[in-house]
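Report on one structure; see the data block that follows.
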Amino acid sequence: MSLAIDWCISFNGDNTDLLSRALFWTIRTYCHAHDVQFHLVDNGGVADDIDTKYRPASSIVHIINKDWRETRVGECYAESVLTAWDVAEWMVENCGDKKWCILSHFDMVMEGDILTWFRKRMTDDVGVVGTHCPIMALNRTAYSERSVGWTP
């Protein structure tokens with residue numbers, strides 16, 4: 001049985017074009033993602049670097065702060081950018097409405113079908129699969145029923 005998923009990918013910092021191409025290529029090569037809605041979350045003025053040729057066809061680009069400007073060269077978490085915890089909460093609340101969402105970084109590659117691995121563990125009695133860094137699956141129902149939130 002297939003499980004529809006929102007896959008939320010946070011973008012910030014340098015080399016988003018090259019690293020996201022590697023991520024998207026490995027997802028396309030190894031993962032069965034036909035029922036996945038991809039959400040590409042720009043948290044650092046990099047939306048133009050997310051190459052439309054490589055990103056999944058079923059992707060939506062979200063820009064958290066349209067007025068963001070880099071304050072220092074190479075600064076990933078400048079004063080005008082949300083923290084990783086704020087971005088995670090923003091993605092859970094704003095990127096789709098499927099029961100399960102995957103939160104991930106953009107700078108990784110798959111060596112196999114990670115979606116099948118996740119799906120085997122995504123059951124009603126599970127709240128989280130994996131760890132935040134660099135990828136995790138979150139049960140939105142469990143998240144909304146508990147007041148855990150995101151803290152550093």
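Calculate, for Y54 and T116, the FRET efficiency according to 1/(1 + (r/R0)^6) with r their C-beta to C-beta distance and R0 25 Å; round to the nearest 0.05. Mind dumping the intermediate values first?
Details: r = 22 Å, r/R0 = 0.89.
Taking R0 as 25 Å, the efficiency between Y54 and T116 is 0.65.
Modelled spin labels at L18 and M108, positioned 7 Å past Cα toward Cβ, are 2.1 nm from each other. Multiplying the residue separation of W85 and H32 by 0.36 nm and subtracting their alpha-carbon distance yields 16.2 nm.
These residues, T26, T131, T116, go from largest to smallest accessible area, 1.4 Å probe, as T131, T116, T26.
Only protein heavy atoms count here; under a 1.4 Å probe, D125 has an accessible surface of about 130 Å².
What FRET efficiency, computed as 1/(1 + (r/R0)^6) with R0 = 25 Å and r the Cβ-Cβ distance, is obtained for T131 and K99, rounded to the nearest 0.05?
The calculated FRET efficiency here is 0.80.
Show E89, E145, E111 ordered by accessible area, largest first, where the area counts protein heavy atoms only and the probe is 1.4 Å. Don't skip to the end; give the middle numbers.
On the way: E89 65, E145 130, E111 175 Å².
Heavy-atom accessible area, descending, gives E111, E145, E89.
Along the range 109-120 the Karplus relation, 6.51 cos²θ - 1.76 cosθ + 1.60 evaluated at θ = phi - 60°, assigns HN-Hα couplings of 10, 9, 10, x, 7, 5, 5, 5, 4, 5, 4, 5 Hz to successive residues, with x for each Gly and Pro.
The values are calculated or read from the model by the stated rules, or taken from the named source; none is laboratory data. As the structure is a computational prediction, the values presented were derived from the model and not from experiment. So basically every Cβ, Gly included, is an ideal-geometry build from the backbone, and we count neighbours across all protein chains shown. Quick note on the areas: whole protein, heavy atoms, side chains included, nothing else; ligands and nucleic acids left out. Shrake-Rupley method; radii C 1.70, N 1.55, O 1.52, S 1.80 Å.
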